[in-house]
Amino acid sequence: MGATISLTAADGHSLSAYRADPTGKVKAGLVVIQEIFGVNPHMRRVADGFAAAGYLCIAPALFDRVERHVELGYDKAAIETGRAIRGKVVWDQVMLDVAAAQRAAAAAGKVGSVGYCWGGSVCWLAATRLRVAGAVCYYGGQIAPFATETPSCPVQMHFGEKDQGIPLSDVDAIRRAQPGIEINLYPADHGFNCDERGSYHADSARLARERTLAFFARHLA
């Protein structure tokens, strides 16, 4: 079980975050970046899972600048609400908030980032605009428009071949722009890692997690 903490961004904005601490030896820090559904119970469980693997996890509430205490489910209304809030968020401010989470996670040493859905796109920008030690991006639908930015760290990406929101042409565009990045494809739809969504695909989620943990073991050690 983790705890809710408060972070302060460089511009003075105060935001909440979920912190999950390992029970044993701490390997490194991780910024766990939310979907459009906020730092909801699923995202907290994701952070808990990485904490169980030895990482100090900070999951910042990146919607706090628009609306606080956002915790949505996964029905159609929730998706519409999440998209509406996301549309009001400014990328530069998001980076300030991720940087604040990174500073908190740095208590554990090296800091990596992992993000899902919208958070996958945020995670890519953290790799290109901040100084994280490694970044893992799950099905980030807005990565392609920023694909030519230069990452300052190793990056791993995960996409579903059946994703209706991220065409394989976008994945191909990312490959062409970033030939050195590890990109994994799965026989799954968008959101395949979330066990609360109809698109959950257990085998793909398991394999992606194994690859993610191996990636962090290599680059955050």
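Couple of notes before you dig in:
- Odd one out for Ala52 among (1) of a type in the set (A, V, I, L, M, F, W, C); (2) free of Cβ contacts under 8 Å to residues at least 40 places away in the same chain; (3) touching a strand residue (DSSP E or B) at 6+ places or on another chain (Cβ under 8 Å): (3)
- Cβ-Cβ contacts under 6 Å between residues 6 or more apart (or on different chains), taken from a first residue in segment 176-192 that is closer than 25 Å to Phe37 by Cβ and of a type in the set (S, T, N, Q) to a second residue that is outside any loop (DSSP other than H, G, I, E, B) and at pLDDT 95 or above, are listed as Asn184/His158.
- Residue match in segment 190-213 (condition: at negative phi and touching a Leu at 6+ places or on another chain (Cβ under 9 Å)): no
- Selection status of Ala84, among the hydrophobic types (A, V, I, L, M, F, W, C) and buried (at least 20 other Cβ atoms within 10 Å of the Cβ): no
- Residue ID - nearest to Asn40 (Cα to Cα), chosen from residues in segment 106-135 that are in a helix (DSSP H, G or I) and in contact with a Lys or Arg (Cβ under 9 Å, 6 or more places away or on another chain): Trp118
- The lone exception for Gly112 - which of (1) free of Cβ contacts under 8 Å to residues at least 60 places away in the same chain; (2) within 25 Å of Lys25 (Cα to Cα) it fails: (1)
- In segment 136-146 there is at least one residue matching the filter, namely being among the polar types (S, T, N, Q), in contact with a helix residue (DSSP H, G or I) (Cβ under 8 Å, 6 or more places away or on another chain) and part of a loop (DSSP other than H, G, I, E, B).
The values are calculated or read from the model by the stated rules, or taken from the named source; none is laboratory data. Please read all numbers here as calculations on a predicted model, not as lab measurements. Cβ atoms come from the backbone with ideal geometry, glycine included; neighbour counts cover every protein chain shown.
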